[in-house]
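This report refers to the structure that appears directly beneath it.
The values are calculated or read from the model by the stated rules, or taken from the named source; none is laboratory data. Please read all numbers here as calculations on a predicted model, not as lab measurements. A quick note on method: Cβ atoms are made from the backbone with ideal geometry, for glycine too, and the neighbour counts reach across all protein chains shown.
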Amino acid sequence: MQRPTVFFISHGGGPMPLLCDANHAEMRACLEQVAATIPKPSAILMVSAHWEAQPISITAHSSPPLIYDYYGFPKQAYQLTYPCAGQPQLANLVQQALATRNIDSKLDPQRGYDHGMFVPLKIMYPEADIPSVQISLHPSLDPLLHVEIGKALQSIDYDNLLIIGSGFTFHNMRPFGVTQSSDVNQQNQAFENWLVSTIADQTLTEHQREQQLLAWQQAPAARFNHP
């Protein structure tokens, strides 16, 4: 069995990475570099922070539409296209993998791709030629449940599969739109440093890593970054 390649990425602020916003230039370059450093995947499974559903839901549309789930942006933000095919076969495998861990889920034949999915994919793979599937979070945001979901996804036997987690290490909306202070940046960096260290520390056993992730609210500035 070939284990999937896994990345966690930022999808930026709404559609701004696709609107030539200078503040997103570094992020765009990073996503382009990520795509260039790995073999082109045969399919993509995306976990977007912008979709919560009970039970866990999986896109099963063969030609998913785009969901412009943002407001107050220029007209061209609502004319973006990304004609990427779905992959119902992969969607079925995802549901089967979840079932092995007794996680309830359903296939959604109507759901399209939200901006947490199509924005980064349009940067990474602009040709839109890789079939893709999106899976929701559970609205409880229960850490243990989502660790179990991750374990289930890890077991999917699909050749050259790329799994992407799309979200932010920082999602406190109150500091947005104001001049960022050094205190805000320091608190964000403290949490991000903890997260990177927890995930990348090779001295941790998988059990120790899991226990630290389950206790994420005790991490430095955790609730400042995610109120």
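Quick look at the numbers
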read-out	value
Subset tally (residues that are closer than 23 Å to His146 by Cα, small (Gly, Ala, Ser) and touching a strand residue (DSSP E or B) at 6+ places or on another chain (Cβ under 8 Å)) for region 57-103	4
Region 88-138, residues that are buried (at least 23 other Cβ atoms within 10 Å of the Cβ) and of a type in the set (Phe, Trp, Tyr)	Tyr113, Phe118
Pairs where the first residue, in region 123-151, is on the phi > 0 side of the Ramachandran plot and the second is surrounded by 15 or more Cβ atoms within 10 Å (Cβ to Cβ) and not in a helix (DSSP H, G or I), C-beta under 8 Å, 6+ apart	Ala128/Tyr82; Ala128/Cys84
Considering residues of region 139-157 that are over 16 Å from Leu214 (Cα atoms) and out of contact with any helix residue (DSSP H, G or I) (no Cβ under 6 Å at 6 or more places or on another chain) only, the residue surrounded by the fewest Cβ atoms within 10 Å (Cβ to Cβ)	Pro139
Count - residues of region 105-146 that are hydrophobic (A, V, I, L, M, F, W, C) and under 25 Å from Trp216 (Cα atoms)	6
Pairs, first touching a residue at least 24 places away in the same chain (Cβ under 8 Å) in region 101-121, second surrounded by fewer than 24 Cβ atoms within 10 Å (Cβ to Cβ) and among the basic types (Lys, Arg), C-beta under 7 Å, six or more apart	Arg101/Lys151
Condition check for His11: assigned to a strand (DSSP E or B), in the same structural domain as Met124 (by TED's automatic domain parsing), under 15 Å from the mean Cα position of the chain (by Cα) and not hydroxyl-bearing (Ser, Thr, Tyr)	no
Search result, residues across region 16-53 that are closer than 17 Å to Ala128 by Cα and assigned to a loop (DSSP other than H, G, I, E, B)	Ile38, Pro39, Lys40, Pro41, Ser42
Subset of region 12-47 [within 19 Å of Val196 (Cα to Cα) and touching a Phe, Trp or Tyr at 6+ places or on another chain (Cβ under 8 Å)]	Val34
Output for region 90-100, where each listed residue is of a type in the set (S, T, N, Q) and either touching a residue at least 40 places away in the same chain (Cβ under 8 Å) or within 15 Å of Met46 (Cα to Cα) (or both)	Asn92, Gln95, Thr100
Checklist (1) crowded, with 16+ Cβ neighbours inside 10 Å; (2) touching a residue at least 60 places away in the same chain (Cβ under 8 Å) applied to Tyr70, failing item	(2)
Residue match in region 94-104 (condition: outside any loop (DSSP other than H, G, I, E, B), within 16 Å of the chain's Cα centre (by Cα), closer than 22 Å to Ile135 by Cα and assigned by TED's automatic domain parsing to the domain that holds Gln134)	yes
Unique residue being surrounded by 15 or more Cβ atoms within 10 Å (Cβ to Cβ), under 30 Å from Ile103 (Cβ atoms) and out of contact with any helix residue (DSSP H, G or I) (no Cβ under 7 Å at 6 or more places or on another chain) when the list is His61, His11, His50	His61
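Residues are listed down the side, and each one gets a yes or a no for (1) among the hydroxyl-bearing types (Ser, Thr, Tyr); (2) exposed (fewer than 12 other Cβ atoms within 10 Å of the Cβ); (3) under 22 Å from the mean Cα position of the chain (by Cα); (4) within 15 Å of Pro143 (Cβ to Cβ):
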| residue | (1), (2), (3), (4) |
| --- | --- |
| Ser182 | yes, yes, no, no |
| Ala200 | no, yes, yes, no |
| Leu204 | no, no, no, no |
| Pro220 | no, no, no, no |
| Pro227 | no, yes, yes, no |
